[in-house]
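Note sheet for the following structure.
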Amino acid sequence: MKETTEAQRMEKIVSLCKRRGFIFQSSEIYGGLNGLWDYGPLGVELKRNLKSYWWRVMVHERDDVVGMDGSILMNRAVWKASGHEDTFTDPMVDCRSCKARLRADQIVEKKGAKQCPVCGGKDLTEPRSFNLMFKTYVGATEDESSVTYLRPETAQAIFVQFKNVLDVSRKKLSFGIAQIGKAFRNEINPRNFTFRSREFEQMELEYFCRAEEGIKLLEYWKEERLKFYENIGIARDKLHVLTVPDEERAFYSKGTYDIEYDFPFGRQELEGVAYRTDYDLSQHQKASGKSLEYFDEETKQKFIPHVVEPSAGVDRTVLALICEAYSEDQAPDEKGKMETRIVLRFHPRIAPIKCGVFPLLKNNEQLVAKAKQIVDLLRPHMFVFYDESGAIGRRYRRQDEIGTPFGITVDFETLGEKDSALCDTVTLRERDSMKQERVAIKDLADILISRIS
Ligand code: GAP
């Protein structure tokens, strides 16, 4: 029973995403391309707000982290040294009956026999390794000497620029380098909407430290990251920490946590927090022949720092935000009859549009002029949306459905027609409670800024 409800909920979310312009299938008019998605006018705002908040918390509000923005294509030697060229693989199985390509861990077992999850066929190939990196060529010749890959993670750019960033920022251990950017993986089986995509964005921090601090910092970053998700409106009881067991951890990692979220399609990873030891820098030092050591001025010792890495997915977090925000409740329509209201209860901090501005009537010049003045007043501070069409209740509903936390209505009281004491005041409506308060126009910017930041 629960399963159908959750599947239906997911269907409604996917349909809302398309209907209201959060997420579209990539190349849709040509039939799409599996595992690739485009963000529409509202999706792009949500994504930007998420990335800006991550950057604010992880870089701007700290003394010990600086940012960088590396290129997507890098020298192939990077991927050899990091181990990706040889080992960034998933085991793949083919179903000989329906020709489905499957990840080995998706094969179902019934009565001791392995079956294809698509057609139920039992004629399956043995698993074989499939490298997830997209191969490409740099320059005019397409031969082995020009091969490289679209990066499958942003982290390697940070490791190979470690020395340059250290030199220019003059940071002392412990310190971090943060980056947000695209990553590409030729996933065998993209699924669950944007959850497993072939092109996605990551928000990664490589936090360099001394070996003896690694385990403590792993705990520290796990807690910091949990706080982050709560601060963008994800309920703590829907977040889970999985301690990745020894046999599933990368051999060089001394500890890894997965932060998981209860999506409608099950509990799945949002972010990995991994203590990667000195593996990455050591590999690049060995392969490049360039020193990536840190010189400790106090002890006069040189050593390769260790690293703790919180690595989050932008697209997965956006999907979690939408799933978390989606809700339906009952609210009165224009005539007082109860109807179902779809509301995206986004935290104001990440909501795509912060405030709707509505003149009560579109054919009253004074109301329209006042509403437009308010738009001009607020625009330097936040993304606002002006809407004059349709009944006011309908306009509220349209904003509720896309998660706009505040609505401002300019009415005849604003013009001082009923009570001069109310001149230049407006109603400020809050999306979730639907409560309205009367606020002076001059106070609007301060009130809203304090609620959205
Ligand atoms: N540098 C470490 C690293 O890349 P990962 O666990 O492979 O670790 C980190 O990826 C995060 O990137 C994941 O927790 C997830 O949020 C996101 N991610 C990975 N593969 C993805 C995919 N195919 N689609 C969407 N997001 C993905």
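The values are calculated or read from the model by the stated rules, or taken from the named source; none is laboratory data. As the structure is a prediction and not an experimental result, all values here were calculated from the model. Glycine also receives a Cβ, built like all others from the backbone with ideal geometry; neighbour counts cover every protein chain displayed.
If the condition is being within 15 Å of Asp333 (Cα to Cα), touching a residue at least 40 places away in the same chain (Cβ under 8 Å) and assigned to a loop (DSSP other than H, G, I, E, B), then segment 379-403 contributes only Ala391. If the condition is being within 30 Å of Ile215 (Cβ to Cβ) and either of a type in the set (Lys, Arg) or touching a helix residue (DSSP H, G or I) at 6+ places or on another chain (Cβ under 7 Å) (or both), then segment 174-196 contributes Ser174, Ile177, Ala178, Gln179, Ile180, Arg185. Residue under question is Val273, and the condition is that it be free of Cβ contacts under 8 Å to residues at least 60 places away in the same chain, surrounded by 20 or more Cβ atoms within 10 Å (Cβ to Cβ) and in a strand (DSSP E or B); does it hold? Spelling it out, Val273 is indeed free of Cβ contacts under 8 Å to residues at least 60 places away in the same chain, surrounded by 20 or more Cβ atoms within 10 Å (Cβ to Cβ) and in a strand (DSSP E or B). Among the residues of segment 422-453, those that are touching a residue at least 12 places away in the same chain (Cβ under 8 Å), part of a loop (DSSP other than H, G, I, E, B) and not basic (Lys, Arg) comprise Asp424, Asp432, Met434, Ser453.
Annotation: Lys135 fulfils all but one of (1) of a type in the set (D, E, K, R); (2) touching a Leu at 6+ places or on another chain (Cβ under 9 Å); (3) surrounded by 13 or more Cβ atoms within 10 Å (Cβ to Cβ); (4) closer than 25 Å to Arg198 by Cβ; the unmet one is (3).
Restricting to segment 363-378, give me the number of residues that are in a helix (DSSP H, G or I) and surrounded by fewer than 17 Cβ atoms within 10 Å (Cβ to Cβ). Steps first, answer last, please.
Kept after step one, since they are in a helix (DSSP H, G or I), are these residues of segment 363-378: 365-378.
Of the ones still in play, those that are also surrounded by fewer than 17 Cβ atoms within 10 Å (Cβ to Cβ) are 365-366, 369, 372-373, 375-377.
The total comes to 8.
Is it true that some residue in segment 39-53 is within 16 Å of the ligand (Cβ to nearest atom) and outside any helix (DSSP H, G or I)? Looking through segment 39-53, at least one residue is within 16 Å of the ligand (Cβ to nearest atom) and outside any helix (DSSP H, G or I).
If you check Leu360 against the conditions, is it aliphatic (A, V, I, L, M), surrounded by fewer than 16 Cβ atoms within 10 Å (Cβ to Cβ), touching a Leu at 6+ places or on another chain (Cβ under 8 Å) and over 30 Å from Thr317 (Cα atoms)? Can you show your working first?
Values: aliphatic (A, V, I, L, M): yes; surrounded by fewer than 16 Cβ atoms within 10 Å (Cβ to Cβ): no; touching a Leu at 6+ places or on another chain (Cβ under 8 Å): yes; over 30 Å from Thr317 (Cα atoms): yes.
Considered against the rule, which asks whether it is aliphatic (A, V, I, L, M), surrounded by fewer than 16 Cβ atoms within 10 Å (Cβ to Cβ), touching a Leu at 6+ places or on another chain (Cβ under 8 Å) and over 30 Å from Thr317 (Cα atoms), Leu360 comes out as no.
Quick one: is Arg349 among the basic types (Lys, Arg), under 30 Å from Ser433 (Cα atoms), touching a residue at least 60 places away in the same chain (Cβ under 8 Å) and not in a loop (DSSP other than H, G, I, E, B)? Steps first, please.
Numbers: among the basic types (Lys, Arg): yes; under 30 Å from Ser433 (Cα atoms): yes; touching a residue at least 60 places away in the same chain (Cβ under 8 Å): yes; not in a loop (DSSP other than H, G, I, E, B): no.
No, not satisfied.
When restricted to residues that are in contact (Cβ under 8 Å) with a residue 24 or more places away in the chain and farther than 23 Å from Ile158 by Cα, segment 245-268 contains 7.
All told, Ile215 falls short of being of a type outside the set (Lys, Arg) and within 10 Å of the ligand (Cβ to nearest atom).
Among the residues of segment 197-215, count how many are of a type in the set (A, V, I, L, M) and either in contact with a helix residue (DSSP H, G or I) (Cβ under 8 Å, 6 or more places away or on another chain) or more than 29 Å from Phe162 (Cβ to Cβ) (or both).
Final tally of qualifying residues: 2.
Within segment 20-46, residues that are more than 15 Å from Val318 (Cβ to Cβ) sit with their Cβ atoms under 9 Å from residues that are aromatic (Phe, Trp, Tyr) and crowded, with 19+ Cβ neighbours inside 10 Å, at 6+ positions apart or across chains, in these pairs: Gln25/Trp37; Ser26/Trp37. Ala77 fulfils the conditions (1) in a loop (DSSP other than H, G, I, E, B); (2) within 25 Å of Tyr252 (Cα to Cα); (3) of a type in the set (A, V, I, L, M, F, W, C) except for a single criterion, (1).
In segment 316-331, is there at least one residue being over 29 Å from Gly35 (Cβ atoms), charged (D, E, K, R), within 16 Å of the ligand (Cβ to nearest atom) and modelled with pLDDT of 95 or more? No, the conditions are met nowhere in segment 316-331. Looking only at residues in segment 301-315 that are in a strand (DSSP E or B) and buried (at least 21 other Cβ atoms within 10 Å of the Cβ), the one that is nearest to the ligand (Cβ to nearest atom) is Gly313.
Considering segment 189-212, and only residues there that are over 30 Å from Lys99 (Cα atoms), in a strand (DSSP E or B) and not aliphatic (A, V, I, L, M), the residue that is farthest from the ligand (Cβ to nearest atom) turns out to be Cys209. Check whether at least one residue in segment 258-270 is loosely packed, with under 15 Cβ neighbours inside 10 Å, within 26 Å of the chain's Cα centre (by Cα) and over 28 Å from Ile452 (Cα atoms), and report yes or no. Yes: segment 258-270 contains one or more residues that are loosely packed, with under 15 Cβ neighbours inside 10 Å, within 26 Å of the chain's Cα centre (by Cα) and over 28 Å from Ile452 (Cα atoms).
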